[in-house]
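Here, each number is a calculation from the coordinates, and none is a lab measurement. Model, not experiment: these values are computed from the prediction. Positions of Cβ are generated from backbone atoms using ideal geometry, with glycine treated the same way; all protein chains shown enter the neighbour counts.
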Amino acid sequence: MSHHIIELKDVEYVYPDQTAALNGISCRILHGEAVALVGANGAGKSTLLSHLAGIFVPSKGTIRVGDYPVNKQTLPHVRRSVGMVFQNADDQLFMPTVFDDVAFGPLNLGLPPEEVEKRVMEALEIVGAASLIHRPPYKLSGGQKRAVSIATVLSMLPDVLIMDEPSAGLDPLARRKLINLLKSFKHTRIIATHDLDLALDVCERTIVLAEGKILADGPTVQIFNDESLLAKSSLEKPLRMQGFPT
Amino acid sequence: MNKIEHRWLELRHFDELAAQDSLIHQLHPGVKVVTTLLFIVMVASFSKYELVGLFPMFIYPAFLIGLGNIPVAILLKRVLLTLPFVLFIGIFNPFLDQATYAYIGSFAVSGGLISFISILLRFTLSVSATLLLVATTSMDAIGLALSKLRVPRIIVIQILFMYRYIYVLIEEVMKTIRAHSLRAPYRNGVGFKVWGSLVGLLLLRTLDRAQRIYQAMMCRGFDGQVRIMRSWKIRTGDIAFLVVWTVFFVLVRLVNIPHWLGRMLLGGFS
């Protein structure tokens, strides 16, 4: 577990329609770190996350997740250790019941039925959704859907959690619960978000992206106090830092 | 709520029916698939002019409705939805086959009319049996049953994905039509000029969405193999279900029971 370092070296990515999305990204994320990925719309956050989960392959540069460079041969290993929670929970939940959805990953890992059942129960308990186990996912509320989609990933026991806009569309209470949940995790967490208060609560480190490049990388509090940097990257100081300079 | 949204909710309702836990739902999915197939083959194999002999076959769907806790109204609606297709298959029979087949009182009934009604009956029977299979068995269980029955994996996966992506498509259609109707309040339905771009947009959006779902599946280790948790063991009840219904179907096919019952009851008078 201790060697789960994520390393990107000069990663570039050009979409098939020639839009350059990533432009020489290099960074190193250590085991157990919680990193917020912030930046304007279209800065390349989601594209970067897709690279870490092995959905996209860089046009140039290399990515290493743990012991493996991300490429076609190592994809199964990478996907085993990296759990990705999608922006839209409806994309992530595709089975007829919550149980089937959470069991989907462990079953694909080829685990025996008892183990699968155990993992499903554990994952659902962690996110507080054990009572939803037999419900069809499309009937859940936004907060419940988010919780279940996190459980679908937890059940695979990943070392790294990647999340795209986890707090989008949640009511304040569900958002608070999510923040507490994310804080309780020991996994390496990489969270792309516009919710800077969430970033401040959960992540000690923040990476600011703009036009496919890393504009800044450092302690969250320091970055959110740098007003010129925030303005340059279409961001705004988190609400609770606005009145009380830290 | 527009019409499509309404239909959509009904379709989803069907999925929920399949998640119940009645006696029929607990049966082995393979047994249900085989029995349904057998039923349809038997129904189709009756002679062209058979009417009365088909009636006992209705016992099978009635049995499933009763024990499977399926609301009849929803089922009938679905059956009616497919009716137009069958109407066009048989609608010309009464004109093409005008030879008198029987008399009801002094009214001559043509063979075409009889065969037309027979087609409608068979259609009702087979479609309701199929719908009942879907309403009492989840799609992934049917997929599992089909793969156990040695149906090629690629076909099984096609069926499962089609079922999943129909939902995706309908959701996108619903959103698009809703957005359209909000901005075109005085129009009833979508004009043909708008249709072109609407359908194009829909295709692109659905492709995008399908892509994302596929990525979500890949991220959780999907490798083309469908694995589901429940492993059904064949129990005595399952065997009994299959055997009893097979015997019943064959019996109904070989012996015209209503005719025989009638003879028995009226035998003394004729």
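If you take every DSSP beta bridge whose two residues both sit in the protein assembly as shown, what share of them, in percent to the nearest 5, is antiparallel?
55 percent
May I ask you to derive the FRET efficiency for B:TYR101 and B:ILE234 from their Cβ-Cβ distance with R0 = 56 Å, giving the value to the nearest 0.05?
Efficiency, rounded to the nearest 0.05: 0.80.
Classify chain B: rounded, prolate or oblate, from the alpha-carbon gyration tensor (a ≥ b ≥ c, eigenvalue square roots; a/c under 1.5 rounded; otherwise prolate if a/b is larger than b/c)?
oblate
Kindly express, to the nearest 10 degrees and within the range 0 to 90, the angle between helix B:3-18's C-alpha long axis and the longest C-alpha principal axis of chain B.
70 degrees
Please identify the chymotrypsin sites (Phe, Trp or Tyr not before Pro) of the range B:170-244 that satisfy two criteria: DSSP loop assignment and at most 12 other Cβ atoms within 10 Å. Which are they?
Answer by residue number: B:TYR186.
Return the sequence-ordered ³J(HN,Hα) values of the range A:40-52 in whole Hz as given by the Karplus equation 6.51 cos²θ - 1.76 cosθ + 1.60 applied to θ = phi - 60°, using x for Gly and Pro.
5, 4, x, 6, x, 5, 5, 4, 5, 4, 4, 5, 5
When a/c is below 1.5 the answer is rounded, else prolate if a/b is larger than b/c, else oblate, so apply that to the range B:152-227 with a ≥ b ≥ c taken from the square roots of the Cα gyration tensor eigenvalues.
Prolate, since a/c reaches 1.5 and a/b exceeds b/c.
For every other residue with a beta carbon closer than 11 angstrom to the beta carbon of B:TYR167, add +1 if it is Lys or Arg and -1 if Asp or Glu, then tell me the sum.
Cβ neighbours under 11 Å give a net charge of -1.
Would you mind ranking B:THR176, B:THR124 so that the residue whose beta carbon has the fewest other beta carbons within 10 Å leads the list?
B:THR176, B:THR124
How big is the charge dipole of the range B:154-237 about its Cα centre, in debye rounded to the nearest 20, if each Lys and Arg gets +1 on its Cβ and each Asp and Glu gets -1 on its Cβ?
Computed charge dipole of the range B:154-237: roughly 260 debye.
Within a 10 angstrom radius of the beta carbon, how do A:THR152, A:THR47, B:THR236 rank from fewest other beta carbons to most?
With the sparsest Cβ surroundings first, the list reads B:THR236, A:THR47, A:THR152.
Go ahead and estimate [θ] at 222 nm for the protein assembly as shown from helices alone: -39,500 (n - 2.57) per DSSP H run with n ≥ 4, summed, over the residue count, rounded to 500.
For the protein assembly as shown, the value works out to -17000 deg cm²/dmol.
In whole Å, largest first, what are the principal axis extents of the Cα atoms in the range A:6-239?
Between the extreme Cα coordinates on each principal axis of the range A:6-239 lie 51, 43, 33 Å.
Identify the trypsin sites (Lys or Arg not before Pro) of the range B:130-215 meeting these criteria: DSSP loop state and at most 12 other C-beta atoms within 10 Å of the C-beta.
B:ARG150, B:ARG187
Between B:ARG178 and B:LEU67, what is the spin-label point distance in nm, taking each point 7 Å from the Cα along the Cα→C-beta axis?
My value for the distance between the label points is 4.1 nm.
I'd like the FRET efficiency for B:LEU87 and A:ASP10, computed as 1/(1 + (r/R0)^6) with the beta carbon distance as r and R0 of 56 Å, rounded to 0.05.
Computed FRET efficiency for B:LEU87 and A:ASP10: 0.25.
Which pairs break 21 Å Cα to Cα here: A:LYS9/A:LYS45; A:LYS72/A:LYS213; B:LYS3/B:LYS77; A:LYS45/A:LYS232; A:LYS145/A:LYS237; A:LYS139/B:LYS32?
Beyond 21 Å: A:LYS72/A:LYS213; A:LYS145/A:LYS237; A:LYS139/B:LYS32.
Over the protein assembly as shown, what portion of Cα pair distances is larger than 36 Å, expressed as a whole percent?
Of the Cα pairs, 47 percent sit more than 36 Å apart.
Dipole magnitude of the protein assembly as shown about its Cα centre, charges +1 at Lys/Arg Cβ and -1 at Asp/Glu Cβ only, in debye to the nearest 20?
1000 debye
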